[in-house]
Amino acid sequence: MRGFAARVVAWQRAHGRHDLPWQRTRDAYRVWLSEVMLQQTQVATVVPYYERFVAAFPDVRALAAADPDRVLALWSGLGYYSRARHLHEAARRVVGEHLGVFPADAATLAKLPGVGASTAAAVAAFAYGERAAILDGNVKRLLARHRGIAGDPTAAPTLAGLWDAARRLLPRAGIEAYTQGLMDLGAGVCTRAKPRCEACPVAGDCVARREGRIAELPGRRARRPRPRRAVQVLWIARAGDVLLERRPAHGVWARLWSLPEAGVDDDPVAVARERCGAPVRVVERLAPIAHGFTHYELAIHPVRLSAGASRADAPPAPECLWIAQDDLADAALPAPIRRLLGAGKGGRLPATPPAGGR
């Protein structure tokens, strides 16, 4: 039986993906952009975002010079918004510290914001042909099953074993096809549920298949019940405009624009008037929206309010502004707020993507 890497390379060349937009270039900027977007997000979701980003920011200098709000607006709906902030900061560092040229080695790439060891290795392999090991979530699953590596894949001992396997299996040549092949196998063949072992080129010596442990591997991290929180969001409208409020610089949805918030026991009229500086009345209370974050579940209770439009009204509170309903599609809004307001209809910006990389 041929070696593991040789089988992966041959399979990828015959059956893998070859028409993704970032596969048509060795431009490190475009490879890096795609790899960051693909962190915990599926390919089908990433493609339109990637194409919009490249159209808006064709190179790293354009991204580095961009207004942060513009970057967040184009990212809006893709989720995990810290990636967008890290993306912008990394572009600025490449321009400021590396003269606009991405480092050619994974070790230096990994020092950029938002670029871990696996992402750095993928960029180095695809852009520069460096022989470096990747280990994203899908590849962890593939290697854990094939090599029979048990245990929580996020625990240090298990993770060390997976990294050791990833490095030992690297081929001497064909690193680009091998790296893409691991990604393709993890995403479409060695899936979490109902893996297609009959289509897998390395099934012949897969420990999990031989020992009947496919469902067992990789191990699972013990999950604690996530706490539940609740908040009111105030949809304040006035003559075709909607009041938005800038989120704080840290925490959930940092620096995005959203609807003003209030505690579930607060008087929405009093809070709304404080924010918009005008008389308001409640129009309706909408059905709650459930939204999950990594560490807690959020119940969003929307309240629609109508505000007066008198010239004598006070200006809105700091970090608040009125924006025309028609302009919401271009605003950097959290995905559940975007869906609530109906922004982005007509295909301009998609809704929240499903979780799960590549």
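I'd like to know if region 1-17 contains one or more residues that are over 23 Å from Leu112 (Cβ atoms), of a type in the set (Lys, Arg), part of a helix (DSSP H, G or I) and touching a residue at least 12 places away in the same chain (Cβ under 8 Å).
Within region 1-17 (the criterion being over 23 Å from Leu112 (Cβ atoms), of a type in the set (Lys, Arg), part of a helix (DSSP H, G or I) and touching a residue at least 12 places away in the same chain (Cβ under 8 Å)), the answer is yes, since at least one residue qualifies.
Among the residues of region 96-109, are any farther than 23 Å from Val31 by Cα, in a loop (DSSP other than H, G, I, E, B), in the same structural domain as Cys206 (by TED's automatic domain parsing) and of a type in the set (A, V, I, L, M)? Before the answer, list the steps.
The initial filter retains those residues of region 96-109 that are farther than 23 Å from Val31 by Cα, namely none.
No, there is no match, as no residue in region 96-109 is farther than 23 Å from Val31 by Cα, in a loop (DSSP other than H, G, I, E, B), in the same structural domain as Cys206 (by TED's automatic domain parsing) and of a type in the set (A, V, I, L, M).
Rundown of residues vs (1) at positive phi; (2) in contact with a Ser or Thr (Cβ under 9 Å, 6 or more places away or on another chain); (3) buried (at least 17 other Cβ atoms within 10 Å of the Cβ), yes/no style:
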residue: Glu130; (1), (2), (3): no, no, yes
residue: Ile134; (1), (2), (3): no, yes, yes
residue: Arg141; (1), (2), (3): no, yes, yes
residue: Arg145; (1), (2), (3): no, no, yes
residue: Pro157; (1), (2), (3): no, no, no
Checked pairs for region 312-333, first within 13 Å of Gly277 (Cα to Cα), second in a helix (DSSP H, G or I), C-beta under 6 Å and 6 or more apart or across chains, list as Pro316/Cys276; Ala317/Arg275; Cys320/Arg275
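Inspect all residues belonging to region 88-110 and state whether any of them is under 25 Å from Asp327 (Cβ atoms) and touching a helix residue (DSSP H, G or I) at 6+ places or on another chain (Cβ under 7 Å). So that I can check it myself, show each step before the final result.
Kept after step one, since they are under 25 Å from Asp327 (Cβ atoms), are these residues of region 88-110: 88.
From what's left, touching a helix residue (DSSP H, G or I) at 6+ places or on another chain (Cβ under 7 Å): 88.
Yes, the conditions are met somewhere in region 88-110.
Of Leu72, Leu87, which residue is at pLDDT below 95, crowded, with 21+ Cβ neighbours inside 10 Å and either in a helix (DSSP H, G or I) or charged (D, E, K, R) (or both)? Steps first, answer last, please.
On the way: Leu87 fails: at pLDDT below 95.
Just a single option satisfies the conditions, and that option is Leu72.
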By residue number, the members of region 56-112 that are within 20 Å of the chain's Cα centre (by Cα) and hydroxyl-bearing (Ser, Thr, Tyr) are Ser76, Tyr80, Tyr81, Ser82
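One residue is enough: does region 94-105 have a residue meeting the conditions on the phi > 0 side of the Ramachandran plot and aliphatic (A, V, I, L, M)? It would help to see each step written out before you state the result.
Taking region 94-105 and keeping what is on the phi > 0 side of the Ramachandran plot, we get 99-100.
From what is left, the residues that are aliphatic (A, V, I, L, M) are 99.
There is at least one residue in region 94-105 that is on the phi > 0 side of the Ramachandran plot and aliphatic (A, V, I, L, M).
The values are calculated or read from the model by the stated rules, or taken from the named source; none is laboratory data. Everything numeric in this text was worked out from a predicted model, so none of it was measured. Here Cβ is always computed from backbone atoms with ideal geometry, including for glycine, and neighbour counts include all displayed protein chains.
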